[in-house]
Amino acid sequence: MSGSGTRSAVSGLLPTDTTEDVRERGAGVAREVAVLPVGSFEQHGAYLPLATDTLVACAVAERIAAAHPVHLLPPVTISCSHEHAAWPGTVSISAVTLHAVVRDIAASLRHSGVDTLVLVNGHGGNYVLGNVVQESVGTGTRMALFPAMEDWEAALERAGVETSLLTDMHAGEIETSILLHTHPELVRPGYETSDFVADDRRHLLTLGMAGYTESGVIGRPSKASAEKGKELLAGLTEAFGAYFSLATAKTLPTASDAAPAKGTSGA
C-alpha cells in the first residue's frame, strides 16, 4: 500500500442537478440566481482538515439552495491562502487568478441567462472577491458577497458563540462548531486544548500567520459545539433572505428610495 497517514474524502460536495432541473427552476423565477461557494485549501491546525473553508462555504451554500430557488454551483476549492504558506499542505492561487476565475464564471452564467451571482466566501483572505463584486456595479451583471460581517455577528449571537470575530480568526469556535455539526468525523482530537489568542494582528499581511501562531490556530476551539454549528448555519441561512430579495428585484434600490417624503421627518 503506497502513501502514509490517514486519508479520507468527503462526498456530497458537488451538486447533482441535471440540465432539466436547472431549466425548470429558472422557469419559476423572475431573475435567475447562481450561488458559488468559494473555499480554500489551507492549514487549520492539527485537528481540522485543509478543506475546512470549502466545507464551511458549501454547508452555507447548500442550506441557501434548500431554502431558495437558486442554482448551486460546485465550489472553488483553492484560493488566496498565502498567509498560511509556512504550513505543509497549504496551496494558493494568486488574487489575479481568483478574480479571473470568478469573472469567467459570471460571464459563462450570463451567456446561459443567469445574470446574478452570489459568492459565498468561506475564507477571510479572499479579499479580492470584494473587488470583483465592487467592479460588477453598472455592468449588467448583478453580484453579491455573502456573508457580510453583520451577518456573522447576528449568527454568532443567535448561536451563543462566546468568542468575538476578532479573536476567532482561524480554526476557532466558529469553524470547529460548524464542522462538528456537518462533518464530525473529520474533526480530530486536540481542539479541546488548542486555544490561542492573538488579537493584535496589524502586521498579518507582512508576516503571515507564522508571525502570530506556532500551531496555526488563532481562536478558542475549546468552546465549539455541534449545536452552535447548527445554529450558526441556521442564522446565516435566515440572513440570506435579504440578499435573495435584492438579487431578484427587478430594479435595485437607490438613495432616493430610502429618503423621507418632503415635509416629513427622517427620525
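Values computed for the structure shown
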| quantity | calculated |
| --- | --- |
| Test: Thr52 is at pLDDT 95 or above, under 17 Å from Leu233 (Cα atoms) and of a type in the set (S, T, N, Q) | yes |
| Residue in the range 142-165 that is under 22 Å from Phe244 (Cα atoms), in a loop (DSSP other than H, G, I, E, B) and open to solvent by less than 60 Å² (accessible area, probe 1.4 Å) present | yes |
| Selection from the range 91-108 of residues that are in contact with a strand residue (DSSP E or B) (Cβ under 7 Å, 6 or more places away or on another chain) and within 14 Å of Gly125 (Cβ to Cβ) | Val91 |
| Extreme residue, farthest from Ser222 (Cα to Cα), among residues of the range 174-196 that are charged (D, E, K, R) and more than 16 Å from the chain's Cα centre (by Cα) | Glu185 |
| Residue tally, condition outside any loop (DSSP other than H, G, I, E, B) and either open to solvent by 20 Å² or more (accessible area, probe 1.4 Å) or more than 10 Å from Arg103 (Cβ to Cβ) (or both), over the range 132-141 | 3 |
| Check on Val35, open to solvent by less than 20 Å² (accessible area, probe 1.4 Å) and either outside any helix (DSSP H, G or I) or basic (Lys, Arg) (or both) | yes |
| Selection count, the range 116-171, where residues are among the basic types (Lys, Arg) and at pLDDT below 95 | 1 |
| Residue satisfying all of: in the range 92-107; free of Cβ contacts under 8 Å to residues at least 60 places away in the same chain and within 19 Å of Gly138 (Cβ to Cβ); surrounded by the fewest Cβ atoms within 10 Å (Cβ to Cβ) among these | Ala107 |
| Test: Glu62 is under 24 Å from Ser222 (Cα atoms) and either under 17 Å from the mean Cα position of the chain (by Cα) or open to solvent by 40 Å² or more (accessible area, probe 1.4 Å) (or both) | no |
| Any hit, the range 108-125, residues being among the aliphatic types (A, V, I, L, M), more than 26 Å from Thr19 (Cα to Cα) and either in contact (Cβ under 8 Å) with a residue 40 or more places away in the chain or in contact with a helix residue (DSSP H, G or I) (Cβ under 9 Å, 6 or more places away or on another chain) (or both) | no |
| Residue match in the range 5-12 (condition: at pLDDT 90 or above and among the hydroxyl-bearing types (Ser, Thr, Tyr)) | no |
| Residue that is of a type outside the set (Lys, Arg), assigned to a loop (DSSP other than H, G, I, E, B), within 25 Å of Leu165 (Cα to Cα) and open to solvent by 20 Å² or more (accessible area, probe 1.4 Å), where the choices are Gly124, Gly89 | Gly124 |
| Residue satisfying condition, being loosely packed, with under 13 Cβ neighbours inside 10 Å and either more than 24 Å from Glu83 (Cβ to Cβ) or in contact with a strand residue (DSSP E or B) (Cβ under 9 Å, 6 or more places away or on another chain) (or both), within set Glu231, Glu214, Glu238, Glu173 | Glu214 |
| Residues located in the range 192-211, provided they are open to solvent by less than 40 Å² (accessible area, probe 1.4 Å) and either touching a residue at least 60 places away in the same chain (Cβ under 8 Å) or touching a Lys or Arg at 6+ places or on another chain (Cβ under 7 Å) (or both) | Ser194, Leu204, Gly208, Met209 |
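Let's see how each residue does on (1) touching a Lys or Arg at 6+ places or on another chain (Cβ under 7 Å); (2) in a loop (DSSP other than H, G, I, E, B); (3) under 19 Å from Leu14 (Cβ atoms):
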residue: Ile93; (1), (2), (3): no, yes, no
residue: Arg103; (1), (2), (3): no, no, no
residue: Ala106; (1), (2), (3): no, no, no
residue: Leu109; (1), (2), (3): no, no, yes
residue: Leu117; (1), (2), (3): no, no, yes
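The values are calculated or read from the model by the stated rules, or taken from the named source; none is laboratory data. This structure is a prediction, so every number in the text was calculated from the model and none was measured. With ideal geometry, Cβ positions are generated from the backbone for all residues, glycine too; neighbour counts draw on all protein chains shown. Heavy atoms of the whole protein, side chains included, go into the accessibility calculation; ligands, DNA and RNA do not. Shrake-Rupley method; radii C 1.70, N 1.55, O 1.52, S 1.80 Å.
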